[in-house]
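Okay, so here's the structure we're looking at.
The values are calculated or read from the model by the stated rules, or taken from the named source; none is laboratory data. This is a predicted model, so every value here is computed, not measured. A quick note on method: Cβ atoms are made from the backbone with ideal geometry, for glycine too, and the neighbour counts reach across all protein chains shown.
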Amino acid sequence: ARKLKIGPIGNAILATVAVAGTVSFFALFPGMAYVIAPFLKRKRSPRKDVIERSVESLVNSGLVRKIIAKDDSVQLELTKRGKWEALLRTKSFDIKREKWDKVWRVIIFDVPQEKNNIRQELRRAVKLFGFKMLQQSVWVYPYGCDDFVEILKNHLGVSNDVLYMKVAYIENDRHL
């Protein structure tokens, strides 16, 4: 699997389509620049051609598909893979990060060699979500993430290969 690179404008478009469901492609312009501007760190809105290139990149990577409606308008819709990426990148789970409850969330996985691409996607997903690697297939996270782990296991079909634990103490945890 090739590495997926999505820039800040692509992430903002992905989030917008995820929230809106289906977005009219032509409705993206010129209003899209104003819609995605708050998601970006820069002060100026992106140019129309930059947004168009980002949309085409998302389509080419298989995250978004263009649909031609009955009125010949072009709409954007997330694919299954696009929904997964939007979910990972927006972290739209119910996570409270104000105060740590002194409980570590630990994921241990043993995915067979035949499912190497699933193992790589599992690693990428937990890393994107914010987990830190403790050992080779052991990842820890300090905040509640039960929903994320459940969706992760179901989406990748690794319920039997992934063990989720809540741990009160990890030796030498300062680096985490």
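What the table shows:
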| read-out | value |
| --- | --- |
| Tyr164 touching a helix residue (DSSP H, G or I) at 6+ places or on another chain (Cβ under 6 Å) and more than 12 Å from Leu88 (Cβ to Cβ) | yes |
| Of residues in the range 120-170 being among the acidic types (Asp, Glu) and surrounded by 16 or more Cβ atoms within 10 Å (Cβ to Cβ), the one farthest from Leu4 (Cα to Cα) | Asp161 |
| Residue match in the range 22-33 (condition: in a helix (DSSP H, G or I), buried (at least 20 other Cβ atoms within 10 Å of the Cβ), at pLDDT below 65 and over 16 Å from the mean Cα position of the chain (by Cα)) | yes |
| Failed criterion for His155 (all others in (1) closer than 17 Å to Asp101 by Cα; (2) assigned to a helix (DSSP H, G or I); (3) of a type outside the set (S, T, N, Q) hold) | (1) |
| Conditions (1) in contact with a Leu (Cβ under 6 Å, 6 or more places away or on another chain); (2) modelled with pLDDT under 90; (3) surrounded by fewer than 17 Cβ atoms within 10 Å (Cβ to Cβ): number failed by Leu88 | (3) |
